[in-house]
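Some notes on the structure that comes next.
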Amino acid sequence: MAHHFEPLKNDLILRTARGEDVERAPIWIMRQAGRYLPEYHEAKGNRDFFECCRSPEIASTLTLQPIERFSGLLDASIIFSDILVIPQAMGMVVEMVDKKGPHFPHPLKSPHDGQYSKVLHKDVDVEAELHYVYKAITLTRKKLKGRVPLIGFCGAPWTLFCYMVEGGGTKLFIESKKWIYRHPEESKALLQKITEVCVEYLALQVRAGAQLIQVFDSWAGELSPSTFKIFSEPYLAYISKHLPAKLDEMGLKTVPMIVFPKGANFALDSICNLGYDVVGLDWQMDPAEAVKIRGDRPIVFQGNADPGVLYGTKEAISETAKEMVEGFGGGKKGWIANLGHGITPLVKPDDLRFYLEEVQRLTSK
Ligand code: CP3
């Protein structure tokens with residue numbers, strides 16, 4: 001089932017992720033397809049969020065929107081989907097509530113809850129359950145016509161675990177903490193189950209046409225240095241070890257792997273040893289400090305301007321871009337430019353354009 005796509009015209013992010021010297025730093029933006037774009041709302045219409053994810057035609061249209069609007073300024077696309085399609089594939093109901101975010105009507109309350117063992121023992125058909133994602137990826141690759149590479153992604157086991165037990169977003173992480181501090185073994189069993197689904201899901205995304213993959217550990221920073229070592233790191237490491245093996249088994253070449261452990265800057269040294277090619281940094285990490293911690297390891301960084309600077313003046317955007325470029329050493333090697341987290345609603349698309357232009361100007365010198 002190997003697909004034939006047009007050759008890549010821009011492989012800057014692939015060369016950078018492999019650690020090569022490059023003419024300038026590639027740039028893309030987490031959540032670059034989304035609510036800050038008027039054309040997103042137009043294409044989405046009144047459709048439910050997950051309905052858009054399940055329609056390859058709509059998902060590919062949304063994926064391409066930023067590539068078309070910011071033509072020549074973005075060096076990668078990311079498939080329009082959500083990290084919560086994995087809990088859905090594992091048998092959980094997830095709804096997207098307008099202006100509130102994701103909601104699970106039946107979160108996993110405790111190990112004694114029948115739903116826990118149902119999810120834990122479900123024989124998940126990752127190919128069939130998430131076929132619409134693979135279709136969207138293949139269709140998007142065709143529509144991209146080699147303009148830029150396409151990134152596939154999944155949520156990290158720890159972050160998905162939090163959503164599955166909390167039932168949605170949270171500030172306090174009460175349920176997640178109850179699980180890990182009262183039921184550590186049952187927590188680990190669930191994390192391992194999620195991890196195995198992630199590996200297969202990512203492999204099938206690569207088979208469908210994803211050219212890099214990113215694992216989003218959005219809630220990594222809620223753990224302590226010692227609990228991060230127990231409840232996040234081993235599962236991230238399992239993915240980076242088993243995905244290449246799985247791809248090899250499927251007769252596919254491995255792809256660069258990005259991990260984004262948001263907020264876990266306390267663990268950066270050890271994250272650089274997790275087996276990923278690229279480590280995403282949030283805006284609370286000083287680039288020069290990260291470069292020091294990396295030392296001579298062949299790790300590429302990604303990030304990391306404060307997404308909030310896009311609410312600022314042009315001068316603030318320029319200054320932030322300049323500091324970032326200098327902090328990462330100019331951008332001829334070892335760095336993929338991005339923001340330190342996803343772009344937020346109400347940002348003016350032209351302010352993102354200015355940021356992209358500034359980074360491109362400053363890294364092309
Ligand atoms: O452009 C892209 O980056 C691709 C699309 C993408 C979405 N979600 C679309 C989306 C990606 C990569 C994600 C990942 C995702 N989803 C994460 C990890 C990244 C991060 O921000 O930490 C998380 C935690 C989720 C879960 C999720 N999905 C939340 C918390 C929300 C609601 C709040 C929010 O920030 O929007 C969503 C909804 C969502 N996912 C929207 C989009 C465009 C908004 C839906 C809408 O209201 O129209």
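Each value in this text was obtained by applying a stated rule to the coordinates, not by laboratory testing. Keep in mind the model is a prediction, meaning the values are calculated, not measured. Cβ: placed from backbone, ideal geometry, glycine included. Neighbour counts: every protein chain shown.
The residues on offer are Gly312, Gly303, Gly295, and the sole one that is on the phi > 0 side of the Ramachandran plot and surrounded by fewer than 19 Cβ atoms within 10 Å (Cβ to Cβ) is Gly295. Can you tell me which residue is farthest from the ligand (Cβ to nearest atom) among those in the range 122-133 that are part of a helix (DSSP H, G or I) and without any contact (Cβ under 8 Å) to a residue 24 or more places away in the chain? Filtering the range 122-133 for residues that are part of a helix (DSSP H, G or I) and without any contact (Cβ under 8 Å) to a residue 24 or more places away in the chain, the one farthest from the ligand (Cβ to nearest atom) comes out as Ala128. Got a number for residues in the range 238-275 being part of a loop (DSSP other than H, G, I, E, B), touching a strand residue (DSSP E or B) at 6+ places or on another chain (Cβ under 8 Å) and away from the ligand (no atom under 16 Å from the Cβ)? Within the range 238-275, residues that are part of a loop (DSSP other than H, G, I, E, B), touching a strand residue (DSSP E or B) at 6+ places or on another chain (Cβ under 8 Å) and away from the ligand (no atom under 16 Å from the Cβ) number 5. I'd like to verify a number: residues in the range 1-56 that are closer than 22 Å to Glu358 by Cα, in contact with a helix residue (DSSP H, G or I) (Cβ under 6 Å, 6 or more places away or on another chain) and of a type in the set (D, E, K, R), how many? Qualifying residue count, the range 1-56: 1.
Of the residues making up the range 99-121, those that are within 22 Å of the chain's Cα centre (by Cα) and assigned to a loop (DSSP other than H, G, I, E, B) number 3. Here Ala245 clears all of (1) closer than 20 Å to Glu127 by Cα; (2) buried (at least 16 other Cβ atoms within 10 Å of the Cβ); (3) aliphatic (A, V, I, L, M) except the condition numbered (2).
Each residue in the range 134-191 was checked for being closer than 30 Å to Arg18 by Cβ, among the β-branched types (Val, Ile, Thr) and within 16 Å of the ligand (Cβ to nearest atom), and 5 of them qualify. Yes or no: the range 77-87 includes at least one residue that is more than 9 Å from the ligand (Cβ to nearest atom) and of a type in the set (Gly, Ala, Ser). Scanning the range 77-87, I find no residue that is more than 9 Å from the ligand (Cβ to nearest atom) and of a type in the set (Gly, Ala, Ser), so the answer is no. Whether any residue in the range 197-211 is farther than 30 Å from Leu74 by Cα and assigned to a helix (DSSP H, G or I) is what I want to check. The answer is yes; a qualifying residue exists. Considering only residues that are over 21 Å from Tyr36 (Cα atoms), part of a loop (DSSP other than H, G, I, E, B) and within 16 Å of the ligand (Cβ to nearest atom), which ones fall in the range 307-365? Selection gives nothing. Hey, does the range 54-62 have a residue that's charged (D, E, K, R), at negative phi, touching a residue at least 24 places away in the same chain (Cβ under 8 Å) and surrounded by fewer than 18 Cβ atoms within 10 Å (Cβ to Cβ)? Yes, there is a match, as at least one residue in the range 54-62 is charged (D, E, K, R), at negative phi, touching a residue at least 24 places away in the same chain (Cβ under 8 Å) and surrounded by fewer than 18 Cβ atoms within 10 Å (Cβ to Cβ). Of the numbered criteria (1) within 11 Å of the ligand (Cβ to nearest atom); (2) of a type in the set (Gly, Ala, Ser); (3) closer than 19 Å to Leu212 by Cα, the one Gly34 fails is (3).
For the range 278-293, what are the residues that are of a type outside the set (S, T, N, Q) and not in a strand (DSSP E or B)? Listed by number, the residues that qualify are Leu281, Asp282, Trp283, Met285, Asp286, Pro287, Ala288, Glu289, Ala290, Val291, Lys292, Ile293. Say we look at the range 37-48 and pick out the residues that are surrounded by fewer than 17 Cβ atoms within 10 Å (Cβ to Cβ) and touching a residue at least 24 places away in the same chain (Cβ under 8 Å); which of these is nearest to the ligand (Cβ to nearest atom)? Looking at residues that are surrounded by fewer than 17 Cβ atoms within 10 Å (Cβ to Cβ) and touching a residue at least 24 places away in the same chain (Cβ under 8 Å), I get Asp48. Number of residues in the range 315-346 that are under 16 Å from Ala76 (Cα atoms) and without any contact (Cβ under 8 Å) to a residue 12 or more places away in the chain: the value is 0.
Checked against (1) out of contact with any Phe, Trp or Tyr (no Cβ under 6 Å at 6 or more places or on another chain); (2) within 23 Å of Val126 (Cβ to Cβ); (3) surrounded by fewer than 21 Cβ atoms within 10 Å (Cβ to Cβ), Thr227 passes all but condition (2). On the basis of being within 16 Å of the ligand (Cβ to nearest atom) and in a loop (DSSP other than H, G, I, E, B), does Pro298 make the cut? So Pro298 does not fit the description; no. When you look at Pro66, is it under 25 Å from Ala208 (Cα atoms), crowded, with 17+ Cβ neighbours inside 10 Å and away from the ligand (no atom under 14 Å from the Cβ), yes or no? For Pro66, the condition - under 25 Å from Ala208 (Cα atoms), crowded, with 17+ Cβ neighbours inside 10 Å and away from the ligand (no atom under 14 Å from the Cβ) - is not met.
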